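Notes to accompany the following structure.
Where a number appears in this text, it was derived from the coordinates with a stated rule and is not lab data. The structure presented is a predicted model; accordingly, all values stated were derived computationally and were not measured. Glycine gets a Cβ as well: all are built from the backbone with ideal geometry, and neighbour counts include every protein chain shown.
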Amino acid sequence: MKEETKAILAGRKSQEFNGAVNTPVYHASTILYPSLAAIRGKQKIPYTYGRRGTPTSAALESAVSEMENAEGTVLTPSGASAVSLAILAGLEAGQHLLMVDTAYEPTRKFCDRFMARMGVETQYYDPLIGGDITNLLRDNTGLIFMESPGSQTFEVQDVPAIVAAARAHPSGKIKTALDNTWATPLHFKPLDHGVDFSVQAATKYIVGHADALLGTVSATKANFEDLRRTHAMLGLCAAPDDVFLALRGLRTLPLRLHQHQTSALDMAHWLETLPFVRRVFYPALASDTGHALWQRDFSGAAGLFSFELEPCSEAQLGEMLDNLSLFGMGYSWGGFESLIVPCETPRTAVPFETDGQMLRVSIGLEHTDDLKADLMAGFQRAGYAV
Ligand SMILES: *Cc1c(COP(=O)(O)O)cnc(C)c1O
């Protein structure tokens with residue numbers, strides 16, 4: 001079955017809900033047991049307590065598992081908590097963590113501040129390291145964490161080579177996890193490439209409408225039980241209304257992502273032609289250094305990319321960004337509306353330094369003629385000759 005069709009069917013069991021097309025929203029903490037035998041665990045019942053799952057959460061978990069080709073999926077209250085959960089599920093105290101240098105900034109903070117307290121040493125590695133990651137592996141390495149493409153500069157990682165290196169290590173104990181938020185399981189399926197844990201900030205494209213926070217972690221058969229237990233011990237669960245919004249978003253994800261990609265590619269090509277744009281960071285562009293790997297491993301792109309302008313002053317940047325009419329300035333991305341933010345590149349393994357002005361855009365569903373006009377007026381206000 002094609003992805004578009006899967007997205008329509010995934011997780012739906014209308015016959016169990018009096019024919020309702022969508023799974024109802026269960027607002028439940030307490031779930032009443034039908035008998036003493038049930039509360040003693042001798043009679044099997046599907047749901048026992050709201051935190052441990054309801055038909056609403058089960059619908060999204062099974063839908064995401066289907067799209068990720070996973071044994072199982074757990075839901076968390078945000079993408080950030082999904083990242084932390086995957087790290088906690090994959091590591092033990094005292095182990096060594098290899099974290100990609102282009103990780104989402106709160107992921108870096110979690111490693112540097114929280115995992116350090118747990119005695120885990122984080123070592124950042126070059127996103128372009130590929131199979132050479134072998135040279136960084138230690139006897140106590142517990143987890144290699146990837147994010148591909150990376151935050152802000154969109155380097156594509158050689159995931160199969162990194163997974164192969166992890167598996168070939170004599171300790172036999174190195175797990176891999178990947179933050180797959182950019183591609184979504186429509187455009188990249190980490191577990192098919194041998195990754196143990198796939199993380200989504202569902203807040204972005206799955207919810208897709210800038211109105212809910214949600215995370216998912218999916219795992220293979222060998223890792224799901226560890227993941228499920230860690231999730232339960234941390235007391236994590238997602239709010240029912242937000243789960244409903246994610247299920248709703250999922251139905252149109254293929255359609256939206258297709259348009260985000262088409263529009264982003266149009267915008268990226270246009271930006272490349274402007275004399276004051278130094279570089280566009282978007283793996284779907286033939287000029288991008290990650291293009292070949294992206295073509296090999298991904299089946300599509302997202303609407304999020306960055307570009308570098310010739311240097312400008314803070315005042316010029318303000319003139320440009322403060323007066324845009326379509327591009328909003330704000331964090332998160334993946335919604336129907338276009339966004340723009342100046343981007344920071346906090347790197348330690350391979351510092352990224354430039355005197356140019358880096359900007360990150362999330363291309364929404366507006367017409368690209370209007371988006372180009374909005375940006376062009378901004379460039380003119382900032383004094384870029386056109
Ligand atoms: C936004 C984001 C997250 C965190 O998601 P939240 O729902 O905002 O907590 C994690 N990883 C990546 C790559 C993101 O872009």
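Evaluate the relative contact order of segment 3-248 (contact order divided by residue number), counting alpha-carbon pairs under 8 angstrom at least 6 apart; express in whole percent.
Result for segment 3-248 is 24 percent.
So between R248 and D139, what do we pick up on full extension, going 0.36 nm a residue minus the alpha carbon distance?
Once the chain is fully extended between R248 and D139, it gains 34.8 nm.
Return the tail of the calculated pair distribution for segment 237-386, meaning the percent of Cα-Cα pairs more than 19 Å apart.
Of all Cα-Cα pairs in segment 237-386, 57 percent lie more than 19 Å apart.
If I take the Cα coordinates of the chain and project them onto the principal axes, what are the three extents in Å, biggest first?
Sorted largest first, the three principal extents are 77, 52, 37 Å.
Any chance you could count the Lys pairs in the chain whose alpha carbons are under 18 Å apart, treating pairs 8 or more apart or on different chains as valid?
7
Quick one: which of 28-39, 92-103 comes out on top by average Cβ neighbours within 10 Å, and what's the full order, highest first?
Going from most to least packed, we get 92-103, 28-39.
Within segment 56-90, find all residues whose amide N lies under 12 Å from a label point positioned 7 Å from the Cα of S29 along Cα-to-beta-carbon.
none
Which helices, taking whole DSSP H runs in the chain, have alpha carbons extending 15 angstrom or more along the helix axis plus mean Kyte-Doolittle at least -0.5?
55-68, 79-90, 240-272
I need the trypsin sites (Lys or Arg not before Pro) found in segment 134-238, filtered to DSSP loop residues with at most 16 other beta carbons within 10 Å of theirs.
Loop-located and lightly packed - R138, K173.
Could you put D132, D374 in order, starting from the residue whose Cβ has the fewest other Cβ atoms within 10 Å?
D132, D374
Grab the beta carbon distance between H209 and S171, set R0 = 35 Å, and tell me the FRET efficiency rounded to 0.05.
0.20
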